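Read the figures in this text as sums done on the coordinates, not as results from a lab. Computed from a prediction, not measured in an experiment: that's the story for all the values here. With ideal geometry, Cβ positions are generated from the backbone for all residues, glycine too; neighbour counts draw on all protein chains shown.
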Amino acid sequence: MTIDKNQMEYRKKASAIIFDSENRLLLVQLHDYDEHQWNVPGGGIEVGETPLTAIRREMEEELGTTHFELVEQSKIIDRYDFPDQLIERIINEGRNYRGQEQIQFIFKFTGKDSEIKIQEDEIRKYKWVPLSKLEEHLVFPNQLENILNVIENSALNIK
């Protein structure tokens, strides 16, 4: 299959960089990820939604709680292309996305860990990870660099 990416669009996505009281980052592992692949919560922005409305909906769906305090919306928008084999699958599903354009938010988790009830049909597991261990978990191209850039350019003073 020949793919002309110039005829394809970027899916609009919102993502949440969520810190706990110990400044650890919440990561989720989707069912279609390998055992060493992780990401931050997030998902597509639906028609009629603002990016903030979308990420609040996604966090509630994926994590089963609303105990999040918005810190800020990042000025950094992460745009990336999917690998060709994923693009082929997306096309076969009747969609026309070459990648995603990700609007990123930073939140503080204000609840108790026991309140997190993951969306089991989509997410295999979650964990809290210190910034010093992110490199072991964020293995997709530019994923680690993007998240560290968002954190470094935020109002937070987290190292």
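Here are a few things to note about the model shown:
- Zone residues, region 1-41, relative to Asp113, backbone N less than 15 Å from point 7 Å out along Cα-to-Cβ: 19-28
- Counted by Cβ distance under 13 Å from Leu144, the other residues give a net charge of -4, where Lys and Arg count +1 and Asp and Glu count -1.
- Label of the coordinate-derived value, semi-axes √(5λ) of the Cα gyration tensor in Å, listed as [x] 24, 20, 17; [y] 24, 16, 16; [z] 26, 17, 16: [z]
- Simple label model, 7 Å out from Cα along Cβ direction - Asn23 to Ser132, nm: 1.2
- Distance in nm between pseudo-label sites at Lys125 and Leu30 (7 Å out along the Cβ direction from Cα): 1.9
- Simple point charges give the picture: +1 on the Cβ of Lys and Arg, -1 on the Cβ of Asp and Glu, and for the chain a dipole about the Cα centre of about 320 debye.
- Euclidean distance between Cα centres, region 1-35 to region 42-118, Å: 7
- Proximal charge balance of Phe107 [Cβ under 11 Å; K/R count +1, D/E count -1]: -1
- At R0 = 35 Å, FRET efficiency that the Cβ-Cβ distance of Val71 and Lys5 yields, to 0.05: 0.55
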